[in-house]
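No value in this document is a laboratory result; all are computed from the given coordinates. What you are looking at is a predicted structure, and each value in this text was computed from that prediction instead of being measured. Don't worry about glycine lacking a Cβ; one is built from the backbone with ideal geometry, like all the others, and counts go over all protein chains shown.
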Amino acid sequence: GQQLNQSPQSMFIQEGEDVSMNCTSSSIFNTWLWYKQDPGEGPVLLIALYKAGELTSNGRLTAQFGITRKDSFLNISASIPSDVGIYFCAGQPPNSNYQLIWGAGTKLIIKP
Amino acid sequence: SAVISQKPSRDICQRGTSLTIQCQVDSQVTMMFWYRQQPGQSLTLIATANQGSEATYESGFVIDKFPISRPNLTFSTLTVSNMSPEDSSIYLCSVEDPFSGALYGYTFGSGTRLTVV
């Protein structure tokens with residue numbers, strides 16, 4: 001089945017730094033989604049992307065739907081302590097009504 | 001967005017017993033899903049809870065182990081049956097949120113952290 005490769009697995013950054021993470025696949029997706037999960041909570045949708053090449057921002061977050069439809073990236077600018085958490089990408093495969101394929105997650109840790 | 005209440009938030013259970021997890025939504029939703037998230041891992045879809053019919057299970061999950069009820073458009077339960085330590089995970093309820101403004105903008109409950117001893 002389709003798989004997503006999400007990297008990096010974890011990131012240690014200083015407050016104020018910019019962050020970049022990405023997901024890639026050998027297969028195409030119709031939709032890319034980025035979620036954040038805080039400890040003890042379920043994932044929360046950050047950004048949804050529906051068209052190849054689409055670039056969307058949500059505050060300090062920016063995500064893009066790769067032109068090949070096989071990848072997406074998420075950037076966080078000027079990180080703050082509340083950005084800590086696990087970020088997941090998810091893709092909706094063609095011919096799927098509702099099923100999402102999930103990346104393994106990127107754990108963001110901010111060094112004190 | 002839709003508000004999901006998931007209970008219990010955590011439990012420690014003896015092997016061989018069963019636990020039923022409840023998911024209550026504050027609005028009517030068509031699609032409800034149950035996910036499993038093993039420690040430090042990503043999310044795996046267990047099944048789609050269908051109102052008025054049997055749940056649709058993903059490969060590797062069976063009804064005898066994970067029976068699901070969906071009596072109406074705001075409520076669902078997932079039972080983890082005959083538990084073993086390998087069932088220790090976070091179980092998450094999710095809905096296709098009509099208020100999210102995003103297609104496939106699924107909203108998740110806070111999860112049930114299950115430990116089987």
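How far is the Cα center of segment B:68-117 from the Cα center of segment A:13-60, in Å?
22
Take a quick pass over chain A and tell me how many lysine pairs come in under 21 angstrom between Cα atoms, counting only ones 8 or more apart or on separate chains.
On the way: A:K36/A:K70; A:K36/A:K107; A:K36/A:K111; A:K51/A:K70.
Eligible lysine pairs with Cα atoms under 21 Å apart amount to 4.
What is the magnitude of the charge dipole of chain B about its Cα centre, with +1 placed on the Cβ of each Lys and Arg, -1 on the Cβ of each Asp and Glu, and no other charges, expressed in debye to the nearest 20?
Working: 7 positive and 9 negative charges, 55 e Å.
For this selection, approximately 260 debye.
Compute all pairwise cysteine Cβ distances in the protein assembly as shown, then list the cysteines with no distance under 4.7 Å to another cysteine.
That list is B:C13.
Taking the convex hull of the alpha carbon atoms in segment B:11-97, what volume per residue do you get, in Å³? Working shown, then result.
Working: hull volume 8.4 nm³, N = 87.
Residue-normalised Cα hull volume stands at 97 Å³.
Taking the convex hull of the alpha carbon atoms in segment A:47-90, what volume per residue do you get, in Å³? Walk me through the intermediate numbers first.
On the way: hull volume 3.0 nm³, N = 44.
Residue-normalised Cα hull volume stands at 68 Å³.
Using the 10 angstrom Cβ neighbour count as an exposure proxy, how do B:E86, A:E15 rank, fewest first?
Ascending number of Cβ neighbours within 10 Å: B:E86, A:E15.
Using the C-alpha atoms of the protein assembly as shown, what convex hull volume per residue, in cubic angstrom, is computed?
That works out to 120 Å³ per residue.
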